[in-house]
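Bear in mind that the values in this text are calculations on the coordinates, not laboratory data. Bear in mind the structure is a predicted one, so any value in this text is a computation, not a measurement. Using ideal geometry, Cβ is built from the backbone for each residue, glycine included, and neighbour counts are taken over all protein chains shown.
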Amino acid sequence: RMTKRVLRDICKQQNLYWTPQLNDTLYLHYKGFGRLENLEEYTGLKCLWLQCNGLTRIENLEALTELRCLYLQLNLITKIENLEPLQKLVALNISNNCIETIENLSCLKALETLQIAHNRLQRVEAMHDPSIITVLETMPNLHVLHLMGNQVIKKIANYRKTLTVRLKQLTFLDDRPVFPKDRACAEAWAVGGLEAEKAEREKWETRDRKKIQDSFRALEAIRQKAKEKKNQK
């Protein structure tokens with residue numbers, strides 16, 4: 001159980017401060033904890049590692065208002081909740097849990113990285129709930145999203161292009177980056193379909209070829225200049 005004494009013993013083992021408020025990082029992974037509790041004294045925490053426990057709920061984090069990174073992957077959590085006090089949170093990892101709905105995240109305006117891969121997200125939208133993409137759109141600073149391993153992505157038509165178009169700040173989706181070329185092609189597809197996407201891709205490829213050719217010409221000019229200079233000696 002996550003008692004105050006157990007927490008202080010862990011701090012001692014990890015050569016952290018015995019005074020809870022002075023710690024900015026706390027490693028509580030692989031401890032077999034079933035519940036989050038007794039963390040109210042750790043008000044200075046900026047990074048909290050809780051992966052690989054038996055946690056079933058996100059709770060009792062109200063005092064951790066300085067938290068920037070929260071790692072909850074590989075637990076038994078079924079619902080995203082009680083994150084409202086964490087207004088400075090930048091990275092949240094809740095992958096490999098039992099979550100069925102993306103919810104209660106719009107309050108995290110500073111969030112840049114959301115890892116929610118390998119959960120139980122199955123529906124694009126419920127009868128009275130907003131769609132997953134609509135919820136993600138309420139997060140203005142979201143740059144990195146890991147959604148792979150959920151059934152729902154099979155139900156989102158043109159999944160990668162759709163998310164690239166709808167999530168304007170996204171720079172990394174699942175297993176690879178969203179490059180400027182990818183975004184430009186996806187946006188062209190959204191406006192004019194496959195033909196527009198093909199035309200935009202050809203523009204980028206032509207531009208890339210020109211850059212390579214210009215580089216070769218510049219290198220050849222340098223070589224020629226060096227050769228002429230050598231011959232003058």
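Miscellaneous remarks
- Rounded to the nearest Hz, the phi-derived 3J(HN,Hα) couplings of the range 47-63 under the Karplus curve 6.51 cos²θ - 1.76 cosθ + 1.60 (θ = phi - 60°) are 9, 10, 9, 10, 5, 6, 10, x, 5, 10, 9, 8, 7, 6, 10, 4, 7, where x marks glycine and proline.
- Per-peptide average of other Cβ atoms within 10 Å, ordering 94-107, 154-167, 200-213 highest first: 94-107, 154-167, 200-213
- The range 21-79 versus the range 166-201: alpha-carbon centroid distance in Å: 36 Å
- Estimated from the Cβ-Cβ distance and a Förster radius of 45 angstrom, the FRET efficiency linking Arg57 and Leu194 is about 0.50.
- Given the choices [x] 35, 20, 15; [y] 29, 21, 16; [z] 45, 28, 13, semi-axes √(5λ) of the Cα gyration tensor in Å derived from the coordinates of this structure is entry [z].
- Helix axis angle, 180-232 relative to the chain longest principal axis, alpha carbon, degrees: 60 degrees
- Isolated Cys residues of the chain, judged by Cβ distance under 4.7 Å to other cysteines: Cys11, Cys52, Cys98, Cys107, Cys185
- Our summary gives the range 141-193 a relative contact order of 40 percent, counting only alpha carbon pairs under 8 angstrom and 6 or more residues apart.
- With the simple model of a label 7 Å out from the Cα in the direction of the Cβ, Ser131 to Asn104 spans 2.5 nm.
- A convex hull fitted to the Cα coordinates of the range 183-233 yields 47 cubic angstrom per residue.
- In this structure, the pairs whose alpha-carbon distance is over 21 Å, taken from Lys88/Lys181; Lys181/Lys211; Lys181/Lys203, are Lys88/Lys181.
- Extension gain from Asp174 to Glu220, taking 0.36 nm per residue of separation minus the Cα-Cα distance: 12.5 nm
- FRET efficiency for Arg166 and Glu37, using Cβ-Cβ distance with R0 set to 45 Å, rounded to 0.05: 0.75
- Degrees between helix 4-13 axis and first principal axis of the chain (Cα, 0 to 90, nearest 10): 50 degrees
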